[in-house]
Amino acid sequence: GGTMKRRAGEREKELKKKKLLEELGENRLPYLTPADADFHQLWKTKYSKLIFRKSDTVPEELHQMVQESFLTLRELNCFFQDLVRIKGKDFLTPVSRILIGNPGCTYKYLNTRLFTVPWPAEGYDIKYCSPQIHDACKALMRLNDYLHIEAVKALQGQNWFETKEIKDTTVIDREQSFATSLMEQGSVSKDQSGVCVPEDDRSLKNRTSYNLTLLNYMDPLQMLYLKQEPYFGMGNMAVSWHHDENLVERSVVAVYSYSCEDSAIEESNEQELKGRDPAVWHVGLKVAWDIETPGLAVPLHQGDIYLMLDDLNMTHQHCVLAGLSPRFSSTHRVADSSRGTLEYILGQCELALQNLQTDSDSTALSLKSLEAAVVKQVEEIHNEVEFEWLRQFWFQGKRYLKCTDWWLKPMAKLEEFWRKMEIMTSLVLSEVRKEQQIEEQRNETVSCFLLLLKERQKLRKEWTAR
């Protein structure tokens, strides 16, 4: 049911997108940059849940540690292009990535599961391939802690503003720094804010306790082709319009940006450019499925940070617009870990294996129950461990062995559980062939069992082809 709903939702989105582009034809929607007079007012009214922190608000020592870690990971070839699956076809992402975070955590996007290179969390024995990788992971854990505090402050600030009536909606003088005027005021317009309920500490913690960061790297000059932004004509895109997926609802996404700018590529104030400066990286924002509201293109320089608060990731879409210099980013997320941690999948395996028993007088294995519901649950877990974990890991996850071998033991354990589940499948087959089974019960067991076996066969063919 969930898959059907998701596919229907994806189809609906595609149709909306097609319709929007048809309506636009050759006309492009307007978008604003900080050079435009109405930029600040638009940000206040339509994009107020985007909070910006200029690099000079971040401790210099943290900048240094984080930027060194980016360069170290690039030097050691730890950034990888992902093979993602869109509409049944595989594509290599133009951006190279690495996932770093809590041990045993994973993040899934576009049908690809990434496995964290664990940062040095307390209580875990993590062996890194080199001291430099250890230091890089530690630096990113420090950045994670810093961004957690910033996100809590931003949400608390937003709640405070939402409880006060906003009387002064004067347009801010365009010469004033857009960073300080909007990003630090954090005021929220009436059309975007609901009735405010002061948040308890647990809710704030749940929505800001980042369990991982997805690091991105791209050198635009090495790319043969970059997609053009289709709605506003914003130029080259490194990452197309999207909502971040697989996150805890209303959680804050925090992004640290580091573009390796040099004097030749610095933003020029003398040039009178219409629209955004194509030499400079920007984050683009738009209201989802809206062709009335102008878009926003916000420049990103070395060490700048932005936060997407509350439901911004659901109500709006964002893209990354390429500049000319290479750029790194560290995108900190509260990944929905309800089905995405090692602890979860090991628990599922143990649940499935409760239906397997060893006869006391021999080494023979048998099943405790042949009830349809029990068989169905075991076979669903069997499919989950094979296709969501083992195949995903060995398909792309083993490249992380460049950094650490942390995942090898858990994967060996999961394989052991999977082998036992293969035996359980054989046992179901041999049991349902026996005559003494009550026909009605047997039919019910067989029909749900066959559905899951067909699904397994189909997925194995797909993975073999990949």
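The values are calculated or read from the model by the stated rules, or taken from the named source; none is laboratory data. Since the structure is predicted, the reported quantities are computational estimates derived from the model, not experimental observations. Heads up, the Cβs are rebuilt from the backbone with ideal geometry, glycines too, and the neighbour counts pull from every protein chain shown. Just the protein is used for accessible areas: all its heavy atoms, side chains included, with ligands, DNA and RNA removed. Shrake-Rupley method; radii C 1.70, N 1.55, O 1.52, S 1.80 Å.
List of remarks:
- Every listed requirement among (1) open to solvent by less than 50 Å² (accessible area, probe 1.4 Å); (2) touching a residue at least 60 places away in the same chain (Cβ under 8 Å); (3) not in a helix (DSSP H, G or I) is met by W43 save one, (3).
- Subset of region 419-462 [under 37 Å from the mean Cα position of the chain (by Cα), farther than 15 Å from K376 by Cα and basic (K, R)]: R419, K420, K458, R460, K461
- Restricting attention to region 118-134, the residues that are surrounded by fewer than 17 Cβ atoms within 10 Å (Cβ to Cβ) and in contact with a helix residue (DSSP H, G or I) (Cβ under 7 Å, 6 or more places away or on another chain) add up to 3.
- Breaking point among (1) at pLDDT 90 or above; (2) of a type in the set (D, E, K, R); (3) out of contact with any Gly (no Cβ under 8 Å at 6 or more places or on another chain); (4) outside any loop (DSSP other than H, G, I, E, B), for K108: (3)
- Residue tally, condition more than 19 Å from the chain's Cα centre (by Cα) and closer than 12 Å to T213 by Cβ, over region 130-145: 3
- Evaluation of I345 against the conditions (1) open to solvent by 30 Å² or more (accessible area, probe 1.4 Å); (2) part of a helix (DSSP H, G or I) shows that the sole unmet condition is (1).
- As for region 339-361, it holds no residue that is in contact with an Asp or Glu (Cβ under 6 Å, 6 or more places away or on another chain) and among the hydrophobic types (A, V, I, L, M, F, W, C).
- Only one of the numbered conditions (1) in the same structural domain as V255 (by the TED database); (2) outside any helix (DSSP H, G or I); (3) among the aliphatic types (A, V, I, L, M) is violated by L370, and that is (1).
- C319 vs. criteria at pLDDT 95 or above, open to solvent by less than 20 Å² (accessible area, probe 1.4 Å) and either touching a Cys at 6+ places or on another chain (Cβ under 7 Å) or outside the structural domain of S48 (by the TED database) (or both): no
- Any hit, region 71-80, residues being assigned to a strand (DSSP E or B) and among the hydroxyl-bearing types (S, T, Y): no
- Restricting region 343-372 to residues that are under 15 Å from K413 (Cβ atoms) and among the charged types (D, E, K, R), the residue that is nearest to the chain's Cα centre (by Cα): E343
- For region 21-54, the set of residues classified as at pLDDT 65 or above and aliphatic (A, V, I, L, M) consists of L29, L32, A35, A37, L42, L50, I51, listed by residue number.
- Test: residue in region 97-118 that is free of Cβ contacts under 8 Å to residues at least 24 places away in the same chain and among the polar types (S, T, N, Q): no
- Close Cβ contacts (under 6 Å, 6 or more residues apart or on different chains) running from residues in region 335-352 that are under 15 Å from N102 (Cα atoms) and in contact (Cβ under 8 Å) with a residue 60 or more places away in the chain to residues that are of a type in the set (F, W, Y) and crowded, with 17+ Cβ neighbours inside 10 Å comprise A335/Y107.
- The set of residues from region 60-88 being open to solvent by less than 60 Å² (accessible area, probe 1.4 Å) and over 30 Å from G397 (Cβ atoms) comprises just one member, H63.
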